[in-house]
Amino acid sequence: MSENSLVTGSFVAADYAVFALMLLVSAAVGVYYVWVDRGQASLGDFLMGGRKLTALPVSLSLTASFMSAITVLSNPAEVYRYGASIGFYGLSYVMTMVITSEIFLPVFYRLAITSTYEYLELRFSRATRLLGTMLFIVQTILYTGIVIYAPALALNQVTGMDLWGAVISTGVVCTFYCTMGGLRAVVWTDVFQLGVMLAGFLSVIIRSVIVQGGVLPVISDSQQGGRLNFWDFDTNPLRRHTFWTITIGGTFVWVSIYGINQAQVQRYISCKSITHARLSLYINLLGLCAILLCSVFAGMCLFSVYKKCDPWTAGLVSAPDQLMPYLVMDILGDYPGLPGLFVAAAYSGSLSTVSSSINALAAVTVEDLIKPYTNMSERRLSWISKGLSLLYGVLCIGMAALASLMGGILQAAISIFGIIGGPLLGVFTLGVLCPFANSKGALSGLVSGLVVSLWVGIGAQIYPPPPEMSRPLPLTTEGCNFTATDSLNWTSTALPTQPASITISTTPAQHMDGRPLLADSWYSLSYLYFSPIGTIIAVSVGLLVSLLTGGWKLKVEPRLTLMKEDTTLYHLFKYFKDRATRRTGEFDLTRDREEKTGSTNPAFCDVELDLTKGSVPT
């Protein structure tokens, strides 16, 4: 890495043009749908796109929704510091799509509900529905704050643009097209933004590969630096990332997002048929894997470029999440427009997630907190949902201020989904799969799951796990060839003498003595296990309380639980069984018709015998 490459880059006119174009196209989609839908002011059109969407745009929107700036900025930094084991998320994505498509989608689609929490009232009670709705609102506003803050941080680092100016402009553009165009605007801007995200990733990857002299040197550097640490099958639940924590913990986290999260369910329920809804999930799987692959390889490129001079340890950036923007300015600074494309990619990830969240928040508030208690016209409710989109946009911008205090953004985001999403997943699982679960069981399961996951989550934030469990990989500055680091420091923070842990913490030596007994066991659990803990506690307590309070006498409407006819497996089994029956039937008829027909198809055989009996007298 050359000395002059360490000088802070800044945007040129072409970069601002690329970035502004992305914002303009996003806003224009909202305006377009206002004009198209000017004669239809129904709530269903605004919140559900009139339930006429097809598989392809919905699948791309599903991919974009939770592939946010966190993916663009944090995944590569994660690979740089901890290795490429997060590639195993690919397995958890596959399991997630199968579970969602087979268990949750058929029930929600059949009920044609707008808010997923409506299901909790139909299946259990209004109290369960209200608690579920409130938890979802808290979880989404917290998460959205992180998502708005992340790209603003990138933008601040790359361009020197005012951090809070960037935060507010993200929120304003997003709130604008959500409030104006509803779900259809959200879906189509997501499709566009997904394309921008992939283009941004590819520009960095292609240039890194050229700089390093090909794909093989990048892979070789990652191998030698210990970054290709895929085969870690340690079953210790305290280890931060292993094969097991990522595949099992990751599956629980992603099922709580795809299976029951309003932002995702709202999309596939808005498809025009259940086949389109199922198809949208599986096409989305390809998109998720493509972006995961890009982000992991971008992390390998990041390590390959800085293997001898780590900008973080050298104090050129103040947090790992700033490494990607730093790389962009380093290797793409001489190509006007490309740094703008990367920042537009980070921003696109943010806009797509925030818009999905705002739309989902408006939907649950109208459906769960306003509609059941008032008697308003569709038109009035449609206007209220637009007002709510505006209100939630403002709230999410406010939350970004809190996100600036939350440490590593990837871990913070997944922790929020684990702590709140886990118990919610447990309650929905009780409802869909356990016909004898009753409302007492559901409420007590939800509350106890939440208490336990909050306990472990907050404990982990106060007493972070020791470094031997998170195992950050070594980084070096011995190849750096600059002297005046102070003048080159981007961030005006003091130079770190050593990389700090990704969570907000003091150094281990300071708090080892005063750590409580649970700190090195319970609180040191991998953050990916917060979700399974919440789910398992909610289901176990829910089943126990249901059985003790007479749940086994409960008669539940079949449409509220999973029926065997809902699963693809049942239809495949039926199809092959029919084929086999037909084939054996044909075979028997040719060989020995009189002996075999009775056992192959009794109904057909009886009719045939009746006809022969009836024909004798005539």
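The values are calculated or read from the model by the stated rules, or taken from the named source; none is laboratory data. No experiment lies behind these values; they were computed from the predicted model shown. All Cβ positions, even for glycine, are placed from backbone atoms using ideal geometry, and neighbour counts span all protein chains on display. Side chains included, ligands, DNA and RNA excluded: accessible areas come from the protein's heavy atoms. Shrake-Rupley method; radii C 1.70, N 1.55, O 1.52, S 1.80 Å.
If you check GLU367, GLU378 for being open to solvent by 50 Å² or more (accessible area, probe 1.4 Å) and of a type in the set (D, E, K, R), only one passes: GLU378.
Among the residues of the range 275-319, what is the count of those that are aliphatic (A, V, I, L, M) and touching a Lys or Arg at 6+ places or on another chain (Cβ under 8 Å)? Steps first, answer last, please.
Restricting attention to the range 275-319, the residues satisfying the condition of being aliphatic (A, V, I, L, M) are 277, 279, 281, 283, 285-286, 288, 290-293, 296, 298, 300, 302, 305, 314, 316-317, 319.
Now restrict to residues that are touching a Lys or Arg at 6+ places or on another chain (Cβ under 8 Å): 300.
Residues flagged as aliphatic (A, V, I, L, M) and touching a Lys or Arg at 6+ places or on another chain (Cβ under 8 Å) within the range 275-319 amount to 1.
For the range 528-537, the criterion of being more than 30 Å from ALA314 (Cβ to Cβ), at pLDDT 50 or above, open to solvent by 50 Å² or more (accessible area, probe 1.4 Å) and out of contact with any Pro (no Cβ under 9 Å at 6 or more places or on another chain) is met by at least one residue.
What are the residues in the range 189-209 that are of a type in the set (D, E, K, R) and over 14 Å from PHE297 (Cα atoms), if any?
First pass over the range 189-209, keeping only residues of a type in the set (D, E, K, R): 190, 207.
Selection gives ASP190 alone.
Number of residues in the range 552-583 that are over 26 Å from the mean Cα position of the chain (by Cα) and either charged (D, E, K, R) or crowded, with 22+ Cβ neighbours inside 10 Å (or both): the value is 12.
Taking the conditions exactly as written (under 30 Å from PRO474 (Cβ atoms), touching a Ser or Thr at 6+ places or on another chain (Cβ under 9 Å), open to solvent by 10 Å² or more (accessible area, probe 1.4 Å) and among the charged types (D, E, K, R)), does LYS272 satisfy them or not? The answer is no for LYS272. Against the definition (touching a residue at least 24 places away in the same chain (Cβ under 8 Å), part of a helix (DSSP H, G or I) and surrounded by fewer than 24 Cβ atoms within 10 Å (Cβ to Cβ)), how does THR353 come out, yes or no? Spelling it out, it is not the case that THR353 is touching a residue at least 24 places away in the same chain (Cβ under 8 Å), part of a helix (DSSP H, G or I) and surrounded by fewer than 24 Cβ atoms within 10 Å (Cβ to Cβ). Checking each residue in the range 239-253 for being touching a residue at least 60 places away in the same chain (Cβ under 8 Å) and open to solvent by 30 Å² or more (accessible area, probe 1.4 Å) picks out PHE243, ILE248, PHE252.
Quick one: would you say MET399 is open to solvent by 10 Å² or more (accessible area, probe 1.4 Å), at pLDDT below 85 and not in a helix (DSSP H, G or I)? Taking the combined requirement at face value, the residue does not satisfy it. When ASN359 is tested against (1) over 14 Å from GLU118 (Cα atoms); (2) part of a helix (DSSP H, G or I); (3) of a type in the set (S, T, N, Q); (4) over 20 Å from the mean Cα position of the chain (by Cα), only condition (4) is not met.
Within the range 382-396, which residues are aliphatic (A, V, I, L, M) and either buried (at least 21 other Cβ atoms within 10 Å of the Cβ) or without any contact (Cβ under 8 Å) to a residue 60 or more places away in the chain (or both)? Can you show your working first?
Of all residues in the range 382-396, those aliphatic (A, V, I, L, M) come to 384, 388, 390-391, 394-395.
Of everything in the range 382-396, those that are aliphatic (A, V, I, L, M) and either buried (at least 21 other Cβ atoms within 10 Å of the Cβ) or without any contact (Cβ under 8 Å) to a residue 60 or more places away in the chain (or both) turn out to be ILE384, LEU388, LEU391.
Does the range 363-385 hold any residues that are farther than 15 Å from GLY132 by Cβ and not aliphatic (A, V, I, L, M), and which are they? Within the range 363-385, LYS371, TYR373, THR374, ASN375, SER377, GLU378, ARG379, ARG380, SER382, TRP383, SER385 meet the criteria.
Evaluating THR170 against the criteria (1) open to solvent by less than 40 Å² (accessible area, probe 1.4 Å); (2) more than 18 Å from TYR16 (Cα to Cα) leaves one unmet condition, (2).
For (1) under 30 Å from GLY426 (Cβ atoms); (2) assigned to a loop (DSSP other than H, G, I, E, B); (3) touching a strand residue (DSSP E or B) at 6+ places or on another chain (Cβ under 6 Å); (4) at pLDDT 80 or above, each residue gets a yes or a no:
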position: MET469; (1), (2), (3), (4): yes, no, no, no
position: THR476; (1), (2), (3), (4): no, yes, no, yes
position: THR483; (1), (2), (3), (4): no, yes, no, no
position: SER487; (1), (2), (3), (4): no, no, no, no
position: THR491; (1), (2), (3), (4): no, yes, no, no
position: PRO499; (1), (2), (3), (4): no, yes, no, no
position: ILE502; (1), (2), (3), (4): yes, yes, no, no
position: SER505; (1), (2), (3), (4): yes, yes, no, no
position: ASP513; (1), (2), (3), (4): no, yes, no, no
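Apart from one condition, GLY315 fits all of (1) open to solvent by 20 Å² or more (accessible area, probe 1.4 Å); (2) on the phi > 0 side of the Ramachandran plot; the exception is (1). Per this entry, PRO57 is not counted among residues that are under 30 Å from ASP15 (Cβ atoms) and buried (at least 22 other Cβ atoms within 10 Å of the Cβ).
State whether one or more residues within the range 326-345 are over 30 Å from GLY213 (Cα atoms), outside any helix (DSSP H, G or I) and more than 23 Å from the chain's Cα centre (by Cα). Outline the logic, then answer.
Going through the range 326-345, the residues over 30 Å from GLY213 (Cα atoms) turn out to be none.
So far as the range 326-345 goes, no, none of its residues is over 30 Å from GLY213 (Cα atoms), outside any helix (DSSP H, G or I) and more than 23 Å from the chain's Cα centre (by Cα).
If the condition is being modelled with pLDDT under 80 and either outside any helix (DSSP H, G or I) or open to solvent by 30 Å² or more (accessible area, probe 1.4 Å) (or both), then the range 116-162 contributes ASN156, GLY160, MET161, ASP162.
The test for being touching a residue at least 40 places away in the same chain (Cβ under 8 Å), over 26 Å from SER92 (Cα atoms) and open to solvent by less than 10 Å² (accessible area, probe 1.4 Å) does not hold for VAL305.
Taking the condition in contact with a Cys (Cβ under 8 Å, 6 or more places away or on another chain), at pLDDT 90 or above and in a helix (DSSP H, G or I), does VAL209 pass?
Values: in contact with a Cys (Cβ under 8 Å, 6 or more places away or on another chain): yes; at pLDDT 90 or above: yes; in a helix (DSSP H, G or I): yes.
Yes.
Counting the residues of the range 444-467 that are touching a Ser or Thr at 6+ places or on another chain (Cβ under 8 Å), in a helix (DSSP H, G or I) and surrounded by 20 or more Cβ atoms within 10 Å (Cβ to Cβ) gives 6.
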